[in-house]
Amino acid sequence: MAPSRRLAPHLPVGSSLLPPLLLLFLLCVQFGGGQKKKENLLAEKVEQLMEWSSRRSVIRMNGDKFRRFVKAPPRNYSVIVMFTALQPQRQCSVCRQANEEYQVLANSWRYSSAFSNKLFFTIVDYDEGADVFQQLNMNSAPTFMHFPPKGKPRRADTFDLQRIGFAAEQLAKWIADRTDVHIRVFRPPNYSGTIALALLVSLVGGLLYLRRNNLEFIYNKTGWAMAALCVVFAMTSGQMWNHIRGPPYAHKNPQNGQVSYIHGSSQAQFVAESHIILLLNAAITMGMVLLNEAATSKGDVGKRRIICLVGLGLVVFFFSFLLSIFRSKYHGYPYSYPRFQETYIQDQLFEVRQYWPGEGLQ
């Protein structure tokens, strides 16, 4: 009789691999479902933003919209946000001026041939999204920020409004640096400059026609001197800088409502500041003219003395005022003479060593 044989229970081949494979399958299904859900959410967000952009170039947002479409992932688009306070009770004139430039830039992007869903322009007003200001620890307006498709905004993603100004061209350059999206700014036609130039030419032409028989006033040195001084005052007060940078007229602190007409930095200025500097330079020049008149005229001595005192008062008072503004912007002033003298001597020795290195100066 053949020996009995114990038979092992029948198991399917590879049955020991079933649990890991089943777990891997479930993970793939879950990951695929989560990825698909994320893609659907992203598509919904982009579709909604595109719909809002088709209605208005700048999308207004409150706290909920900001957190959903700007802060929360997923995102594959950049968002430019202007934090502002446009309500009349806020009395923020700078906010209104900056908003006009922002609208010009957003319209230029919306109606350009390069428009896509990679960049959106939004705005958050303080009265509609105060919680957003608190969340970002923001205490000033207007402020421009760029929120990239991935990650958090960095320091360079906040536009340097105080130094650069808020002109649409400057904003477009900053956006190009942050997003590689180049926007060509198209401004609505403005005929005020053309009309003003036409009126000026007509006025000058009419004056020359009426005085065609007596044109001696053209050779008037005083008139040409006054015209030259006007140009000098305009240039030395920073009018060209204002034209290039487009700074705000003044700055109002949203916390205490204090208005600043003088910028605290030496790298920037307000429009009101340039007007103040122009008037101060004009007053100082008037004082110098009166001093010269008192010294060179041959009139009554008492009258000349009064003119001299008035001119001296103008120069002393307004130059002191001008110097105080300079001191407020250049915080290292007044510079010490010994330190200046030491620096000057070192510079001179450096130049000597460059040209005569064999002298061995100490």
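In a simple Cβ point-charge model (Lys, Arg +1; Asp, Glu -1; nothing else charged), the stretch 220-347 has a dipole of about 260 debye relative to its Cα centre. Checked against a 23 Å cut-off, the cross-linked pairs Lys118/Lys252; Lys150/Lys173; Lys252/Lys329 give Cα-Cα distances beyond that limit for Lys118/Lys252. Selection among Cys308, Pro247, Ser266 by position relative to the dipole of the stretch 237-317 gives Cys308 as farthest towards the positive end (Cβ unit charges, Cα centre). What a 1.4 Å probe finds exposed on the stretch 220-347 is 67% carbon and sulfur by accessible area, rounded to a whole percent.
The trypsin sites (Lys or Arg not before Pro) of the stretch 243-307 meeting both criteria, a DSSP state outside H, G, I, E and B (loop) and at most 14 other C-beta atoms within 10 angstrom of the site's C-beta, are Lys298. Think of a 1.4 Å ball rolled over the protein heavy atoms: the stretch 106-224 then has 67 Å² of accessible area per residue. Since only Ala114, Gln97, Gln162 are under comparison, the one whose Cα sits farthest along the positive direction of the charge dipole of the stretch 45-167, derived from C-beta charges on Lys, Arg, Asp and Glu, is Ala114.
Within the stretch 39-179, what whole-number % of the accessible surface is contributed by carbon and sulfur, with the 1.4 Å probe and all protein chains included in the calculation? Within the stretch 39-179, the accessible surface is 45 percent carbon and sulfur.
The values are calculated or read from the model by the stated rules, or taken from the named source; none is laboratory data. Please read all numbers here as calculations on a predicted model, not as lab measurements. Because the Cβ atoms are built from the backbone with ideal geometry, glycine has one as well, and the counts that use them run over all protein chains shown. Remember, those area values only see protein heavy atoms, side chains included, never the ligands or the DNA or RNA. Shrake-Rupley method; radii C 1.70, N 1.55, O 1.52, S 1.80 Å.
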